[in-house]
Amino acid sequence: MGTPLATRVRSKLSRIARDLTLPAHERKWRRIWSRVEPIQGWLSVGEGKWLFETARLLPPGANIVEIGSFQGRSTCCLAAACRGNDKRVFAIDTFDGGSDLPMCNSFAAFSENLKRCGVESYVEPIKCRSTQVAKTWNTPIHLLFIDGSHLYEEVVADFVGFFPHVIGGGMVAFHDVDETKPGVLKAWNEFFMNQFMGIGYCDRLGYGRKPENHSPRLGDGSSKQLGA
Ligand SMILES: C[S@@+](CC[C@H](N)C(=O)[O-])C[C@H]1O[C@@H](n2cnc3c(N)ncnc32)[C@H](O)[C@@H]1O
């Protein structure tokens, strides 16, 4: 027993001692998530950690492309893994909600959240429609995270526009691979899944790697989009 203050101090010290036994990257993750958690968005803690860990394991100098940043919840998880290793995140968003969210302007909140998390220098925001950006994109991509429009045609267009730039062995992930977003689920089942190796899921995030010698395999939904 002791005073309430002594009890609080003891419990804080034991939390610090417990944290010191964790690996440095786990401590880093816990610190960043405590700042990301209040950011409005739909990403779960497990999905955020998956993005952080996947970005952390990329080689120095790697390029990460995110389509759909909104207020920066996923962007901050990705960018926190870029500190001190020359990786960067290209955050593509119209910042107006797109075709399936209520009209909004999320750019001010996005910028403010990146600053609060101390990651703004690892992120290059690209305020534009993804399909427009894809037309002139020419940078190799090591991790592609697609969480923009959830409409079938638009999510396929995002994939078709950026997948050719993903390096062999590069990682591709989609958010909302479940029945709450039928457009994403249909595109994943019919078209995306069969392009990847090592498919896995983390909550509502589906992911896989681009094969080293990839040649496009067309599902029902793809032939129209690829003009085949
Ligand atoms: C579901 S939110 C992204 C959530 C974000 N990843 C997070 O963790 O909070 C979808 C975002 O995609 C953007 N968007 C939708 N369609 C787009 C398009 N064609 N080009 C660029 N951005 C788009 C919207 O403006 C919106 O901010």
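Derivation of every value follows stated rules applied to the coordinates shown; laboratory data play no part. Worth saying up front: this structure is predicted, and the values here are computed from it rather than measured. Note that we place each Cβ from the backbone using ideal geometry, even for glycine, and neighbour counts take in every protein chain shown.
Tabulated values for the structure
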| quantity | calculated |
| --- | --- |
| Rounded tilt (10° steps) of 152-162 against the dominant C-alpha axis of the chain | 90 degrees |
| Separation between Cα centres of the stretch 5-28 and the stretch 159-217, rounded to whole Å | 39 Å |
| Spin-label proximity, D96 to the stretch 57-81 - amide N less than 16 Å from point 7 Å beyond Cα toward beta carbon | 68-70 |
| Neighbour-count ranking [beta-carbon atoms within 10 angstrom, fewest first] of H150, H175, H142, H25 | H25, H142, H150, H175 |
| All lysines inside 22 Å of K135 as judged from Cα atoms, apart from same-chain residues fewer than 8 positions distant | K127, K210, K224 |
| Estimated FRET transfer efficiency (M197, T131; beta-carbon r; R0 25 Å; 0.05) | 0.40 |
| Length-normalised contact order for the chain - Cα pairs under 8 Å, 6+ apart - percent | 16 percent |
| Prolate/oblate/rounded call for the chain, Cα gyration tensor, a/c under 1.5 rounded | prolate |
| Cα-based helix-to-principal-axis angle, 107-116 vs the chain, degrees rounded to 10 | 40 degrees |
| Gain upon complete extension [T21, N213; 0.36 nm per residue less C-alpha separation] | 64.9 nm |
| Angle between the chain longest axis and helix 24-36 axis [Cα atoms, degrees, rounded to 10] | 80 degrees |
| All lysines inside 17 Å of K87 as judged from Cα atoms, apart from same-chain residues fewer than 8 positions distant | K28 |
